[in-house]
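All remarks here apply to the structure that follows.
Read-outs: derived from the displayed coordinates by stated rules, not from any lab. All values derive from a computational prediction rather than experimental measurement. As a convention, Cβ positions derive from the backbone with ideal geometry for all residues, glycine included, and neighbour counts pool all protein chains shown.
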C-alpha cells in the first residue's frame, strides 16, 4: 500500500474498500476522484451520508429501510394490506418496486437460513412474519432459486400454517431464447407450463 | 455429431514450452520414455472440456514452472475441432499467472467453460482409475457420476444441491435442540435432489449395461453393473423425506447422514466368472474398466445431436495382452471415434501402423512418424 497519502486519506480508502464491488485499487481511485472534485462530490456525499446516518431507520413492521417508521410502504393506505411479499434483503424489495407489478406490502427476512453460516430462524425476521401473516389472505415468497432460498421457502411455508403461501414462478425469462437456457431452467419451465 | 481434434498447440503447459501437433482427425498413439510428457499432452486435451482435467488439477497448477519459479506461468491450449460444419477454433488457459480460473474461448470469443461441451466431449481412462474396484466407494461414486453427467449435465446440479442440503442438515442436527421445521425443509430439498440424482444414475446404469451386453463377442470381460446402497431409485420424494426424518436421532449421534442416495456404490461383477470385480486379477479389473469406458464412449456417440466423444487412454495398451490390444484398436475403429493412446514402447502399437498416426514424444518435443 502506498504510504505517501496521509492517515486521513488512508482511512477514507480503507473504508471505501469495504463497500461491495470495490477492492483496494478501485477504492483508491474512488478516493482520488472524491478528493479532486471536493465541491461537486466529496462535500455533498459527506452531507448525504450524515443525513442518511441520522434519518434512515429499519421499519419495525417489515424490516425495510426508510426515513420513517413504519415505512412509506407499510403506512400507504392505497396498498393492499391483505398481501405480503417476502424477500431476502431490501435490494430485492427495490427490484420488485422497480418492476411495479405488485401493490401489496413486504416483509424483509434479512437473510436466508444457512446452518453452515450459523444463520438459523432466530437470526431472521420470522416471528414478525408469522404474526403478520395471521391477518392476510396470501403470503408470496420471492426468494432466490438456490438451495438456501428453497429451504427457507419450505421452512416459511411450514411455519405459516393456515395462510395460503405462493412462490414466484420459475422459467423462461422475458425476451429469452430457449436454446440459450440451462437444462434446469428449461425443465422447470416445462413443469410449470400453463394453458396458452 | 462428428467431433475430432484436428490440431493442437500447447504453450507453457506442464513440461511443454511450445508444442504443436496436427492429427487431421486421426487416432493418434504417443510413445516415448517415462516423463517425456505423454500424459501431459492428454491432460492438455482434457482441458478442452469443463472441469479440472484428467489429473483433477486446478488451472493455476498446470502452467510450466522452471526450477526456482514459485508458481506456474500463464498457459494456453488451443485446438481446432473438426465437426459436421467445418472446424471450430477452441482455446483455454490461464491469462495471467495469478488468475484464479482459466478462461475459455470459442472462435476467439470468451465463453463460459460449459459451452465447450457443445463442441467436444471426452472419455478417458488413466492408470489412477486402475484401482477403481479396490478404492473406497466415494471414488467409485465420483467416477460413476462423471459417466452420468457426461450425458446429463443437470445431474451435476442435483448432486451439488443434495450435498449442500445434506451438509446443512448435518449442521442443524449438531445443534443442542435442532429445529424440526428447519430439518423438514432441508430433508425435503435432499429428497427432491436425491430422487433426481438416483434416477439419473439408474438410467445411465441401464444404458451402459445395454452397451456392454451388446458387445458379447469381444475379448473384453463383461461386467454386470448394479448400484448398491439404500434409498436409491424408485423412491418418491415424500417417502425419502420421511426416511430422512426417521433417521434424525441416529444421524445426530453419528454426526453425519448415514443413509441416502449419497451412499450408493457402483458394483461390478465379472459376468462369466460370476465374481465381484475386486476379487478378479489386476489384468481382468483393468479390462473390465476399459470395457466400461468403451461402453460409455459408444453410448455418448449414439446421441447424434451432441458431439462424439474423443477417447483418451493413458498407459492402457501396456496392460493388455496382444489379442486384447488388437481388439481394442478394432473396437476404436468400429466405434468410428478418434482416440489418443500412450505407451512407453512403439512396438505396443505395431497393430496400428498405417491405421493411426504415431507420434514420438521426447523432452517436450512431438515428432510425428511418416506413415
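How fast does segment B:80-186 diffuse by Stokes-Einstein, in µm²/s, taking the Kirkwood radius from C-alpha pairs at 10 °C and 1.306 mPa s? All intermediate terms of the calculation are to be shown ahead of the outcome.
On the way: Rh = 17.9 Å.
In µm²/s, the coefficient rounds to 89.
Roughly how many nanometres apart are two label points built 7 Å out from the Cα toward the Cβ at residue A:18 and residue B:263?
According to this spin-label approximation, the distance is 4.7 nm.
Assuming R0 = 35 Å, what is the FRET efficiency of residue A:11 and residue A:55, from their Cβ-Cβ distance, to the nearest 0.05? Write down the numbers at each step before the final one.
Working: r = 24 Å, r/R0 = 0.70.
Rounded to the nearest 0.05, the efficiency is 0.90.
Report, as an integer, the average count of C-beta atoms from other chains found within 10 Å of each Cβ along B:151-162. Each step should come with its number before you reach the end.
On the way: counts 0, 1, 3, 6, 1, 0, 4, 1, 0, 1, 4, 1.
Mean shielding by partner chains, rounded to a whole number: 2.
Just to compare against my own numbers: the Cα pair-distance distribution for chain A, 5 Å bins, whole % per bin, please.
1, 6, 11, 14, 13, 13, 12, 11, 9, 6, 3, 1, 0, 0
How many nm is it between the label spots at residue B:146 and residue B:306, if each spot is 7 Å from the Cα in line with the beta carbon?
Modelled inter-label distance: 1.6 nm.
How many nm separate the modelled label positions at residue B:105 and residue A:89, each set 7 Å beyond the Cα in the direction of the Cβ?
So the two model labels end up 3.4 nm from each other.
Rounded to a whole number, what is D in µm²/s for segment A:3-55 from Stokes-Einstein with the Kirkwood radius over alpha-carbon pairs (37 °C, 0.692 mPa s)?
Working: Rh = 11.6 Å.
Approximately 282 µm²/s, per Stokes-Einstein.
Based on DSSP, what percent of beta bridges with both residues in chain B are antiparallel, to the nearest 5?
Values: 42 of 59 bridges.
Of the beta bridges lying entirely in chain B, close to 70 percent run antiparallel.
Evaluate the Kirkwood expression for the hydrodynamic radius of segment B:130-299, namely the inverse of the mean inverse distance over all pairs of different C-alpha atoms, and round to one decimal in Å.
Values: mean 1/r = 0.0585 Å⁻¹.
Result for segment B:130-299 stands at 17.1 Å.
Just to confirm my numbers, what's the Cα centroid distance between segment B:130-186 and segment B:313-371 in Å?
38 Å
Extension gain residue B:279-residue B:98, at 0.36 nm per residue separation less the Cα-Cα distance, in nm?
Numbers: separation 181, 0.36 × 181 = 65.16 nm, distance 4.64 nm.
Length gained, residue B:279 through residue B:98: 60.5 nm.
If r is the Cβ-Cβ distance from residue B:243 to residue A:35 and R0 is 51 Å, what FRET efficiency results, to the nearest 0.05? Don't skip to the answer; put the middle values down first.
Working: r = 63 Å, r/R0 = 1.24.
So the FRET efficiency works out to roughly 0.20.
From a point 7 Å beyond the Cα of residue B:346 in the direction of its Cβ, which residues of segment B:1-17 have a backbone N at a distance under 12 Å?
none
Among B:159, B:181, B:310, which one shows the biggest mean-square fluctuation in a GNM of chain B, springs joining Cα atoms closer than 10 Å?
The residue that fluctuates most here is B:181.
Take every Cα-Cα pair in segment B:146-187 and report what % of them are more than 13 Å apart. Each step should come with its number before you reach the end.
Numbers: 496 of 861 pairs.
Roughly 58 percent, rounded to a whole number.
Can you tell me what percent of all Cα-Cα pairs in segment B:190-273 are more than 19 Å apart? Intermediate results must be reported in sequence, preceding the final value.
Numbers: 1687 of 3486 pairs.
Percent of Cα pairs beyond 19 Å in segment B:190-273: 48.
Determine Rg/Rh for segment B:1-109; Rg is computed over alpha-carbon atoms and Rh is the Kirkwood hydrodynamic estimate from the same atoms. Can you show the working numbers first?
Working: Rg = 13.9 Å, Rh = 14.4 Å.
Expressed as Rg/Rh, it is 0.97.
Over chain B, what is the relative contact order in whole percent, taking alpha-carbon pairs under 8 Å and six or more residues apart? Present the calculation step by step, with values, prior to reporting the outcome.
Values: 683 pairs, mean separation 91.5, N = 371.
25 percent.
Could you tell me the largest-minus-smallest coordinate of the C-alpha atoms of segment B:273-328 on each of the three principal axes, in descending order and whole angstroms?
Rounded to whole Å, the extents work out to 39, 24, 17 Å.
Using only the Cα atoms of segment B:142-231, build the gyration tensor, take square roots of its eigenvalues as a ≥ b ≥ c, and label the shape rounded, prolate or oblate: rounded if a/c is under 1.5, else prolate if a/b is larger than b/c, else oblate.
Details: a/c = 3.67, a/b = 2.97, b/c = 1.24.
Prolate is the answer for segment B:142-231, as a/c is 1.5 or above and a/b outweighs b/c.
Multiplying the sequence separation of residue B:330 and residue B:370 by 0.36 nm and subtracting their Cα-Cα distance, what value in nm do you get? Display every interim value, and only then the final one.
Details: separation 40, 0.36 × 40 = 14.40 nm, distance 2.17 nm.
Working it through step by step, the gained length comes to 12.2 nm.
Sorting check: for A:6-14, B:70-78, which peptide has the highest mean count of neighbouring beta carbons within 10 Å, and how do the rest follow? All intermediate terms of the calculation are to be shown ahead of the outcome.
Details: A:6-14: 13.7, B:70-78: 17.6.
Answer by packing, highest mean first, reads B:70-78, A:6-14.
Between Rg and the Kirkwood Rh of the protein assembly as shown, both from Cα atoms, what is the Rg to Rh ratio? Please report the intermediate quantities before stating the final value.
Values: Rg = 29.1 Å, Rh = 27.9 Å.
Here the Rg-to-Rh quotient is 1.04.
Once the principal axes of the Cα atoms of chain B are found, what is the range along each, listed largest first in whole angstroms?
71, 53, 42
Kindly state, to the nearest 0.05, the FRET efficiency for residue A:134 paired with residue B:202, given R0 = 51 Å and r defined as their beta-carbon distance.
My answer for the efficiency is 0.70.
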